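Reviewing the structure listed below.
Taken together, the values in this text are just the output of simple stated rules run on the coordinates, not laboratory data. Nothing here was measured: the structure is a model prediction, and the numbers come from that model. Virtual Cβ from ideal backbone geometry, glycine too; neighbours counted across all protein chains shown.
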Amino acid sequence: MTKTPLCENICYLRRRPIYPRIVSFIPDRTVLSNIAPWLASLTFLSVSIQLVQAEEVALQEEALWAFKPLSNPNRPEVETEEWVRNPIDAFILSKLEKSGLEPTSEADRQTLIRRASFDLIGLPPTPDEVADFVNDPRSDAYERLIDRLLDSPRYGERYARHWLDLVRYADSDGYKADQLRPNAWRYRDYVIESFNEDKPYSRFVEEQIAGDELYPDSDAAKMATGYLRLWPYEDNQPDMGRHWEAILNDMTDVTGDVFLGLSMKCARCHDHKFDPISQKDYYKLQSFFAALSPWEEVYLGGEDAEKAYQKQLSRWEEATVELRAEIEFIESASLKIGWDAAFAKLPPYVQDIVLKNERTPYEEQLARFAEKMIGWRSNKDLQKNIAKEDLEEWKALTSQLAEYDKIRPMERERVASVRDVGKRAPKVFVESKGKKAEVDPGYLAILGLEDPEIEPVPENPNTTGRRAALADWLTEGSNQLTTRVMANRLWQWHFGQGIVASSNDFGYLGDRPSHPELLDWLAVRFVEEGWSLKAMHRLIMTSSTYRQGSVNHNKLAERVDADTRLLWRMPVRRMDAEQLRDSMLFVGGDMDLAMGGPGVSEEDSSRRSIYVLNKRNKLRTMMNKFDTPDLHNSCHMRDVTTTALQALSLMNGEWSLTRAESFAERLLKIESDGVEKRIVAAYEIALGRTPEVEEIQLAQSFIEEPSSPDSWVDLCHVLLNTNEFIYIN
């Protein structure tokens, strides 16, 4: 767990017209005077150059906006006051007016309900829902719509997907073998339930970072610590020390990305080249996680469920004691063969650790890791290693044992979780100038905070309390990073882009906030609302800013703000992969809305896409063609590509054609004397609106044989391929 910095001195550019900085690996400050004239000769950069020490860089960077304490800005004054529904609108309109721009008029109700439905539940509204909303005369009809969608269990399924992208959730290990993780799905279900119940974000963070320390008896907290088990894992990597170091690095990197919005990984091997994050800061953050270890023996259900299980288990064990003894006698030789073979592949230093009776905390971590791998390999080859003369007897005995399954207790609900290896944590070191120094848990030096005094958790004496201390800091209302980062993510999930576009990087190389005062106002309001995500959804979605139309042919606005960063109109967005798959299932009437449970096949199941098995190395599926994330890294914003494979998949893919057939079957069940009623229904189901007269006539001419199902399949297939179906205004 030691690292050697690549350099101690850096030279950087104060202004960034072409390159943000030039990094020079200079071992000694005395050579700076020799290199400075050469740097100055690079006139094409048109910059002034200042050479500084790494420590001086940190002081210079202190002015970076993200590290400043939260402000609580006042609502700005605007000229068009009647447009302002809540303070969000005032912040947006103020910038628009300063740029000489005007907001777009409000979208019609059909557009609003389709937008809000996809936004909050990831599914299109039904024709009845559209009609009810469009014809609702009440002044608060829109607010009632938002409340209804937020109360839907589909909301948690939609917003869990955003979070799972961030934490690189997967149902498999990754690497070459990419073994399935049988209990990973419980973390996914925990996230869905947390969003649905509007769990305060502060509690949501605490449970994931330190649920085992803070809430050891909570089933939700047990599932939540699955966050700390989402790292890629190579089950045939014998060098446990190297592998564990990679896992700790991954945990540190993702925590920096997700909760702090900082590229901590850039400070792993040396001081960050652009942000005021030292290498020591990196390992101070990693020290919070230094004591944890994967833990498989964590069960749900509480004390009563455990007592009932143990009672039934005792009954089964008493009835099978002789049978099991005979089986274990035969298996023991096989297991020893497997154990010895797996043990022999371990590096000598890991073998020594495994054989030790007394271990340091770090050795205990590696020993648990090694024993898990050895045990898995031994059981994998169990039958193969049984002696031929014993194999038939073993099969007969196991068959006899299976006859007692009727009194054997059901397997307990197990979760993939973590615990600390004990009260003491392994030491963490960082190397600088050839000297190795121990690093304790602490915060970024730039924040000017005192590092925490770690205290044991009274309710859980066999843990260090380190992660509890980290969770406590992350969820302080005054934490400028945690609050800004999550407020920014909420904005991004509604508008397609955050106030800070680089929502995983609030540092020097990230984007600057388009509306910094609004971001701080939202962050403060988020805490005031009790960290309620639903309260923030409601606030954002009921603003005039969110209700704007998407169509506005304003040439000035297109020149001044081509990327719509000032939000003079609502950006048009393409459905993401899950929205597209789910919508095609939904309009065809095929969707299975069952919730929870193990992952399912994308191709063979009609359940929502949130429940599709996420294999890290499975890439050739319909959803992957539409930019699903890399499951090895935190994904704050998905790519939106336009490729031939996407068009071919929707036009010629077997799955897409099957969806069109289901859609056509649904239409043919509608009793109708002519074709018009079914054409209207097709538009209302797929596009959320009634077709124009010209569209009905065109569709009638397209359907050559109204009595032929194939004609209707073709019409449905066309509608599922239209931009209006795939894009959200």
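Go through Lys199/Lys625; Lys380/Lys618; Lys199/Lys618; Lys265/Lys436; Lys380/Lys615; Lys280/Lys372 and tell me which ones have a Cα-Cα distance over 27 Å in this structure.
Table pairs above 27 Å Cα-Cα are Lys199/Lys625; Lys199/Lys618; Lys280/Lys372.
Relative contact order (percent) for segment 344-463, with alpha-carbon contacts under 8 angstrom and 6 or more residues of separation?
Dividing the mean separation by the residue count of segment 344-463 yields 22 percent.
Between Leu447 and Ser432, what is the label-to-label distance in nm when each label sits 7 Å out along the Cα-to-Cβ direction?
1.9 nm
Direction-averaged shadow area of the convex hull around the Cα atoms of segment 476-578, nm²?
7.7 nm²
Could you give P(r) for segment 548-616, binned at 10 Å from zero, as whole percent values over all Cα-Cα pairs?
Taking all Cα pairs of segment 548-616, the binned fractions are 18, 32, 16, 22, 12, 0 percent.
Taking every DSSP beta bridge with both residues inside the chain, roughly what % is antiparallel (nearest 5)?
Here the share of antiparallel DSSP bridges comes out near 90 percent.
Taking 8 Å as the Cα distance limit and 6 or more residues as the minimum spacing, I'd like the relative contact order of segment 104-151 as a percentage.
Answer for segment 104-151 is 39 percent.
State the three equivalent ellipsoid semi-axes of segment 591-729, derived from the C-alpha gyration tensor as the square roots of 5 times its eigenvalues, in descending order and whole Å.
Equivalent ellipsoid semi-axes, largest first: 32, 17, 14 Å.
Could you tell me, in Å, what Rg and Dmax come out for the Cα atoms of segment 284-353?
Just the Cα atoms of segment 284-353 yield Rg and Dmax of 19.3, 54 Å.
Most exposed first by the Cβ proxy, i.e. fewest other Cβ within 10 Å, how do Met536, Met410 rank?
Met410, Met536
Note down the relative contact order for the chain as a percent, whole number, built from C-alpha pairs under 8 angstrom at least six residues apart.
Computed over the chain, the figure is 20 percent.
Once whole DSSP H runs in the chain are found, which of them have Cα atoms spread over 20 Å or more along the helix axis and a mean Kyte-Doolittle score of at least -0.5?
240-255, 321-344, 480-495, 654-668
Give the peptides 284-297, 540-553 in descending order of average Cβ contacts within 10 Å, highest first.
Highest to lowest by the protection proxy: 284-297, 540-553.
Quickly estimate the mean residue ellipticity at 222 nm for the chain, helices only: each DSSP H run with n ≥ 4 gives -39500 (n - 2.57), and the total goes over all residues, rounded to 500.
-14500 deg cm²/dmol
For segment 626-684, which semi-axes, largest first and in whole Å, follow from the square roots of 5 times the eigenvalues of its Cα gyration tensor?
Square roots of five times the eigenvalues give 36, 13, 11 Å.
Cβ neighbours within 10 Å, averaged per peptide: list 105-113, 201-209 in order, most packed at the top.
201-209, 105-113
Based on the Cβ-Cβ distance of Leu509 and Val134, what FRET efficiency does E = 1/(1 + (r/R0)^6) give at R0 = 51 Å, to the nearest 0.05?
E(calc), rounded to 0.05, equals 0.65.
For a protection proxy built on the mean count of beta-carbon atoms within 10 angstrom, sort 89-101, 427-439, 559-571 highest first, please.
Descending packing order for the listed peptides: 89-101, 559-571, 427-439.
Taking all pairs of different Cα atoms in segment 104-151, averaging 1/r and flipping that mean, what Kirkwood radius in angstroms comes out?
10.8 Å
Per q in 0.11, 0.14, 0.18, 0.20 1/Å, what log10 I(q)/I(0) does a Debye calculation on the alpha-carbon atoms of segment 651-728 return?
-0.24, -0.40, -0.68, -0.84
Where the convex hull is taken over the Cα atoms of the chain, what is its projected area averaged over directions, in nm²?
For the Cα atoms of the chain, the hull's average projected area reads 40.2 nm².
Quick one, what does Rg over Rh come out to for segment 310-411 if you take C-alpha atoms and the Kirkwood Rh?
Rg divided by Rh gives 1.08.
Tell me which residues come under 5 Å, amide H to amide H, from Phe429 once H is placed; ignore anything under 5 positions away on its chain.
Excluding prolines and chain starts, which carry no amide H, the hits are Val439.
Order by neighbour count: Arg581, Arg638, fewest other Cβ atoms within 10 Å first, most last.
Arg638, Arg581
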